[in-house]
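The values are calculated or read from the model by the stated rules, or taken from the named source; none is laboratory data. If you're wondering where the values come from, they're calculated on a predicted model, not measured in any experiment. Here the Cβ positions follow ideal geometry from the backbone for every residue, glycine too, while neighbour counts run over all protein chains shown.
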Amino acid sequence: MAHSISIERTVHPKQKPAADQLGFGKYFTDHMFIMDYDAAKGWYDPRIVPYQPIVMDPAAKVFHYGQTVFEGLKAYRTADERILLFRPHRNFQRLNQSNDRLSIPPIDEDLALEALQQLVLADQDWIPSAEGTSLYIRPFVIATEAALGVNPSQQYQFIIILSPVGSYYKEGIKPVPIHVESHYVRAVAGGVGTAKTAGNYAAGLKAQEHASANGYSQVLWLDGVHRKYIEEVGSMNVFFRIGDTVVTPALNGSFLAGITRESVLQLLRHWNIPVEERTLSIDEIVEAHANGTLKEAFGTGTAAVISPIGELFWQGQALRIGEGQTGELSAKLYHTVTGIQKGTLEDPLEWMVDMTKQASVLK
Ligand SMILES: *Cc1c(COP(=O)(O)O)cnc(C)c1O
């Protein structure tokens, strides 16, 4: 289906940052995508415009009641100058699941994907090519109706912005120490933990601050009811290799269904490695550590892809995992997933969307 998305090109292209200065989410490209919603009209006026501030009424509902959702995915430039997206359909499916939970009207997933591709093509010169770099894509929806009643907004904006990002691991993939959080919780089943919505992240800052003041990179979240079952690590899903089996918490309605999580599970099954999605308690991890079967632990998410855990701090005790080194399977997963994303490895599970054909037509 062809959608007519208007394009207004910038007359003041920005200076692009040097590849070694990129960091994460610090620089934004020349253009952005916007589409409006009104209850009477539905979604309308999809457009690509120069990157610019958005002006909103101070009574806009997003500021007061947090009616907002977001997504995060990446575009990659391959060595042979192709532009690849990693499973973008899954992100827009999830955006609509988040929308549904926050009472935000659904967005046509085909239109969203087309908007994303046209925007990436408009700013394709911003896609970095160095090892580990990519163009981070941040779609989001905000409730813009100016009214202080607590009910679903009658107006919204769907926006996509782009940010060239550097290598997550400047000195190679490296395990991080993690603080197991026993006081604060992130979400409970029935709440909004399964939606990518702003409040979840604001709610997590306190624990993250505390962990970081004590020298830990992130927190491992336990369930909100028993403070016992493992949920996520920071804003990543979490996996443990216990003996020869890889275990990850089953989707239970209180944490996010990561697309990297899903992809890692697919890859492990493709390799015939035993995997289990089930409830997993912190006690089981302590026991596996004590009896020597806890071989590896790692987080999964779009930003870092695979983030190995070198140490878990729990109830005054530091559990070192794999002598603080990156495990064999963690490294293999990291190299395989990033290789597929960068187009240097075969894509056996057909994850990548190659935008190159459209690129040559539209350039
Ligand atoms: C985005 C996110 C993840 C990871 O999802 P991916 O699709 O793999 O990037 C995991 N947990 C939380 C809370 C998240 O926000």
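Would you check if there is a residue in the stretch 38-52 being out of contact with any Asp or Glu (no Cβ under 8 Å at 6 or more places or on another chain), hydrophobic (A, V, I, L, M, F, W, C), in the same structural domain as L113 (by TED's automatic domain parsing) and crowded, with 18+ Cβ neighbours inside 10 Å? Before the answer, list the steps.
First, pick out the residues of the stretch 38-52 that are out of contact with any Asp or Glu (no Cβ under 8 Å at 6 or more places or on another chain): 38-42, 46, 52.
In the following step, the residues that additionally are hydrophobic (A, V, I, L, M, F, W, C) were identified as 39-40.
Keeping just the survivors that are in the same structural domain as L113 (by TED's automatic domain parsing) gives 39-40.
Next cut, crowded, with 18+ Cβ neighbours inside 10 Å only: none.
No: the stretch 38-52 contains no residue that is out of contact with any Asp or Glu (no Cβ under 8 Å at 6 or more places or on another chain), hydrophobic (A, V, I, L, M, F, W, C), in the same structural domain as L113 (by TED's automatic domain parsing) and crowded, with 18+ Cβ neighbours inside 10 Å.
Just to check your reading of the model, which residue among E296, E276, E232, E287 is within 15 Å of the ligand (Cβ to nearest atom) and among the charged types (D, E, K, R)? Don't jump to the end; show me each part of the working.
Details: E296 fails: within 15 Å of the ligand (Cβ to nearest atom); E276 fails: within 15 Å of the ligand (Cβ to nearest atom); E287 fails: within 15 Å of the ligand (Cβ to nearest atom).
Only one candidate qualifies: E232.
What number of residues within the stretch 183-201 satisfy the criterion of being touching a residue at least 60 places away in the same chain (Cβ under 8 Å) and within 13 Å of the ligand (Cβ to nearest atom)?
Residues of the stretch 183-201 touching a residue at least 60 places away in the same chain (Cβ under 8 Å): 186-199.
With the extra rule that they be within 13 Å of the ligand (Cβ to nearest atom), the set shrinks to 186-187, 191-199.
Here the count works out to 11.
Could you please find all residues in the stretch 301-336 being within 15 Å of Y168 (Cβ to Cβ), in contact with a Leu (Cβ under 7 Å, 6 or more places away or on another chain) and outside any strand (DSSP E or B)?
T302, L333
Restricting attention to the stretch 120-127, does a residue exist that is within 16 Å of the ligand (Cβ to nearest atom) and either in the same structural domain as K14 (by TED's automatic domain parsing) or within 15 Å of the chain's Cα centre (by Cα) (or both)?
No, the stretch 120-127 has no match at all.
Within the stretch 320-328, is there a residue that is within 30 Å of N99 (Cβ to Cβ) and of a type outside the set (V, I, T)?
no
Given the conditions (1) among the charged types (D, E, K, R); (2) surrounded by fewer than 21 Cβ atoms within 10 Å (Cβ to Cβ); (3) within 16 Å of the ligand (Cβ to nearest atom); (4) in contact (Cβ under 8 Å) with a residue 40 or more places away in the chain, and given that E71 satisfies all but one, which numbered condition is not satisfied?
Evaluating E71 over (1) among the charged types (D, E, K, R); (2) surrounded by fewer than 21 Cβ atoms within 10 Å (Cβ to Cβ); (3) within 16 Å of the ligand (Cβ to nearest atom); (4) in contact (Cβ under 8 Å) with a residue 40 or more places away in the chain leaves (2) as the failure.
Hey, any hits in the stretch 233-252 for a residue that's modelled with pLDDT of 95 or more, in contact with a Leu (Cβ under 6 Å, 6 or more places away or on another chain) and not hydrophobic (A, V, I, L, M, F, W, C)?
yes
Which of the numbered conditions does I340 fail, given that it passes all the others? Conditions: (1) hydrophobic (A, V, I, L, M, F, W, C); (2) assigned to a loop (DSSP other than H, G, I, E, B); (3) out of contact with any Lys or Arg (no Cβ under 9 Å at 6 or more places or on another chain).
Checking I340 against (1) hydrophobic (A, V, I, L, M, F, W, C); (2) assigned to a loop (DSSP other than H, G, I, E, B); (3) out of contact with any Lys or Arg (no Cβ under 9 Å at 6 or more places or on another chain), the one that fails is (2).
Which of the residues belonging to the stretch 256-279 are farther than 23 Å from Q325 by Cα and either in contact with a Pro (Cβ under 8 Å, 6 or more places away or on another chain) or touching a residue at least 12 places away in the same chain (Cβ under 8 Å) (or both)?
Correct list: L256, A257, G258, I259, E262, S263, Q266, H270, E276, E277, R278, T279.
Just checking, does the stretch 260-272 include any residue being within 16 Å of the ligand (Cβ to nearest atom) and on the phi > 0 side of the Ramachandran plot?
no
From the list G299, G316, G339, which one is crowded, with 20+ Cβ neighbours inside 10 Å and either within 29 Å of T197 (Cα to Cα) or not hydrophobic (A, V, I, L, M, F, W, C) (or both)?
Working: G316 fails: crowded, with 20+ Cβ neighbours inside 10 Å; G339 fails: crowded, with 20+ Cβ neighbours inside 10 Å.
Matching residue, one of G299, G316, G339: G299.
Are any of the residues in the stretch 254-267 more than 27 Å from Q93 (Cα to Cα) and not aromatic (F, W, Y)?
Checked the stretch 254-267: no residue is more than 27 Å from Q93 (Cα to Cα) and not aromatic (F, W, Y).
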